[in-house]
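So the structure is just underneath, and the comments pick up after that.
Values in this text are rule-based calculations from the coordinates and carry no lab data. These numbers come from a predicted model, not from an experiment. Methodologically, a virtual Cβ is constructed for each residue, glycine included, from the backbone with ideal geometry; neighbour enumeration extends over all protein chains shown.
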Amino acid sequence: MPDAGRELAAAEVAARVRGPQAVADLERLVRTPSVTGDERAVMELVAAMLEEMGLDVDRIETDPVAFARDDPDWPGEEMPRAELPVVVARLGRPGGRRLLLVGHLDVVPVGDPATWNVDPWGAEIRDGRLFGRGAVDMKGGCASILAAVRALVESGAASALGGELVVAFVPSEEDGGQGMLAAIRAGVTGDLAIITEPTDLEIVIAHAGAITFRLTVPGRAAHASMRREGVSALDGLTTLIRALEADEAARNAAETDPLMTALGLPYPTIVGMVRGGDWASTVMDRVVADGRYGVALGESWRDAEVRLRGVIAAAADGDPFLRDHPPTVEIVGGRFSSSRVSVDHPLPQALAATVESVLGRRPAFLGEPYGADMRLLVNEGGTPTVIFGPGHVAVAHSADEFVPLEQVVACARVLAAFVVRTIG
């Protein structure tokens with residue numbers, strides 16, 4: 001537990017967080033488009049912001065082609081990429097306890113602009129909420145990190161740190177996590193880490209994962225008037241989807257961890273894209289379907305791949321046509337393993353105490369059904385990590401995405417206080 005002097009210092013630094021500046025920073029971030037695969041402009045912006053605070057900034061550049069070819073833990077991708085820029089800055093004293101504050105600056109595409117009631121890149125503010133693509137996922141959390149760092153610098157607390165604070169902004173989280181893994185390979189690891197993804201200011205200590213798969217299902221073509229002479233690949237896909245539905249039910253029913261059972265459906269499986277056929281009057285001889293397969297808590301993405309392939313193989317073996325014409329399974333896109341830290345670990349306990357001290361309430365400890373960069377820090381970087389940030393994930397990736405500005409500022413105050421309490 002921090003002593004009285006450190007508690008007072010933490011409270012003073014938290015009070016130095018400048019809300020209007022945090023909002024201004026967030027506006028600049030949201031107004032800089034950064035769809036996954038094209039993050040250079042926003043990375044240069046955040047590097048400039050850190051340099052304006054007086055921090056030395058490292059720009060880590062990794063060749064994504066060589067990375068995909070050579071790293072055995074490469075986490076996949078869903079967008080073409082020519083570069084992989086990472087921005088890192090440090091405060092305090094190397095050699096001591098190291099705390100990481102981490103955020104990703106890539107965002108998903110806007111989708112149909114007609115579904116938005118605001119400019120997706122306008123950073124419009126209404127009723128205390130800032131709207132725009134990436135506002136909650138997760139430029140709001142990145143603005144919180146920047147505001148906390150600024151408070152540490154302006155208060156003088158940064159020069160008195162007994163340990164080291166490492167701030168890392170990464171690309172490519174949305175399509176697998178190449179940016180985070182590149183940072184880890186460059187030495188961005190520590191004794192503990194906080195990722196400021198949206199959690200509604202609760203503390204996520206466990207998350208599931210997911211793999212993106214592609215099924216290619218064969219059929220036999222025939223003229224529509226003689227359809228019984230053919231075998232529809234769409235019927236074969238239906239057989240496989242039913243097997244995946246049964247597997248989904250079994251996997252979720254088998255879960256007993258309260259963090260995950262509280263979610264209702266912690267490990268969903270969906271087919272999100274289907275392509276097939278080239279003539280309306282021809283029995284479909286090939287269907288390609290892309291989907292998402294949940295990775296259970298305690299599983300790696302490789303474990304989930306083995307199970308997925310087994311489910312498809314068993315279903316095909318039970319079908320007269322597919323038995324002799326087996327479908328193929330490919331793993332494409334992101335590969336998200338699961339991860340967790342114990343609820344009793346000092347990191348979530350200390351962060352919860354800081355939240356209670358700064359915000360006057362005890363946060364909940366949660367599990368989540370989505371994949372995140374947390375698993376790379378935990379599994380590949382050996383760094384105990386939690387997720388804590390402003391806004392709710394329910395509005396991420398949606399039209400009219402938004403983040404409550406009050407939570408952006410509150411998160412910054414908690415982070416600033418936590419740094420002082422932990423490595424002050």
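A simple count of charges around residue 145, restricted to other residues whose Cβ falls under 11 Å of its Cβ and scoring Lys, Arg +1 and Asp, Glu -1, yields +1. Computed from the alpha carbon atoms alone, the convex hull of the range 330-384 holds 99 Å³ per residue.
Restricted to Cα atoms, the range 20-147 shows a radius of gyration and a Dmax of 16.2, 52 angstrom. Structural descriptor for the range 209-336: relative contact order 43 percent, calculated from alpha carbon pairs under 8 angstrom and at least 6 residues apart. Cα centroids of the range 237-299 and the range 10-38: 38 Å apart. Each Cα pair under 8 Å and six or more residues apart adds its sequence gap; the mean of these over the residue count of the range 295-424 is a relative contact order of 21 percent. Its relative contact order, with pairs defined as Cα atoms under 8 Å and 6+ residues apart, puts the range 47-197 at 36 percent. By the Cα gyration tensor, the range 209-336 has an equivalent ellipsoid whose semi-axes, rounded to whole angstrom, run 31, 13, 12 from largest to smallest. Computed over neighbours whose Cβ is under 14 Å from that of residue 98, the net charge equals +1, Lys and Arg +1, Asp and Glu -1.
Can you give me the C-alpha center-to-center distance between the range 314-329 and the range 43-84, rounded to a whole angstrom? The range 314-329 and the range 43-84 have Cα centres separated by 42 Å.
For the range 383-399 versus the range 179-225, the inter-centroid distance based on Cα atoms is 14 Å. Among the helices of the chain, those built from whole DSSP H runs whose Cα atoms reach 20 Å or more along their own axis and whose mean Kyte-Doolittle hydropathy is at least 0.0 are 140-155, 233-254, 301-317, 405-423. Ellipticity at 222 nm from helices only: DSSP H runs of n ≥ 4 in the chain, each -39500 (n - 2.57), divided by the residue count, give -11500 deg cm²/dmol. Taking amide H positions as modeled 1.01 Å from N, with prolines and chain starts lacking one, the residues under 5 Å from residue 401 and 5 or more places away or on another chain are 132.
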